[in-house]
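Below you'll find the structure, written out as structure tokens, and then a few comments.
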Amino acid sequence: MSDKQTLTIARLINIAALFALLGVLAGSLHLQFGAGELPCPLCLVQRSAMIGLAVGPAMNLLWGMRARHYALSILAALVGGAGSARQILLHIATPGDPGFGPAVFGLHLYTWAFITFVIAVAGCAVLLMWNRPFDLGDTGVLGTRHWHRTLTLFITIWGLMWLLVDLLVIGISIIPQCGLGMCPDDPPPGADLGDVVGWALVLGLGVLAAVIAYFVERRMGENKSLAQ
């Protein structure tokens, strides 16, 4: 396998991981806005950990494959796994407890979150044993000597912008629910906008992120050209 093929595969793996996590966040936001399921404090811990988990792949794509980027994702996954494990055990400890929120394929979302974090830790560990992408001295999509617009560059910036937009929406949306204090353990139902409106809102965030990414990429290309 050539050096270029190695880096291409490594970047595709990180792109897939980044957008898979964005899909998880999209599902949780749909439940919040489309079904009126406001997040509990442990749910917010898990959402925050999902964002932290996605930062590692984003950094790999922007600045090159580094072991410390995978390590950052592992740390975020451990925090999220601890939060989801605590939520699972809390509901197991109460006889007859139906669990919090809806179930998907028989498992509640915090159980799926725990599975996601475990898979993430295992995946990062496997990628850490793949030394060749580290040995190639990859500088990421921003470190190319000659600037040129590529699909990988746009997808990377799009994923990062979508992550930032999701973070902003999550942060703003919990203010009416939590104020400046602790969020309620059992939040009341929120506004139920329906599946169609909920998905339109969530996917609209992705479209907004794509528009922002387009202008950011264009501006970066112009600045790079002037610098040359």
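The table that follows gives values for the structure above.
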read-out	value
Size of electric dipole in region 1-124: Cβ of Lys, Arg +1 and of Asp, Glu -1, about Cα centre, debye, nearest 20	380 debye
Estimated FRET transfer efficiency when R0 is 41 angstrom, pair Met129-Val104 (beta carbons, to 0.05)	0.80
Full-extension gain in nm, Ala71 to Ser2, via 0.36 nm per residue minus C-alpha separation	22.2 nm
Taking Ile157, Ile9 and counting other C-beta atoms within 10 Å, the order from fewest to most	Ile9, Ile157
Which of Met65, Met220 has the fewest Cβ neighbours within 10 Å, and the rest in rising order	Met220, Met65
Calculated from backbone phi, Karplus (6.51, -1.76, 1.60) coupling profile of region 191-200 in Hz, x at Gly/Pro	5, 9, 8, x, 4, 5, 5, x, 5, 4
The chain: most fluctuating residue of Ala93, Ala67, Ala122 per GNM, C-alpha cutoff 10 Å	Ala93
Radius ratio Rg over Rh of region 3-227, counting only Cα atoms, Kirkwood formula for Rh	1.01
Alpha-carbon centroids, region 81-122 and region 204-218: separation in whole Å	33 Å
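Any read-out appearing in this document is the output of simple, stated calculations on the displayed coordinates, not a laboratory observation. Quick caveat, the model's predicted, so the values are computed rather than measured. Note: ideal-geometry Cβ built from the backbone for every residue, glycine included; neighbour counts use all protein chains shown.
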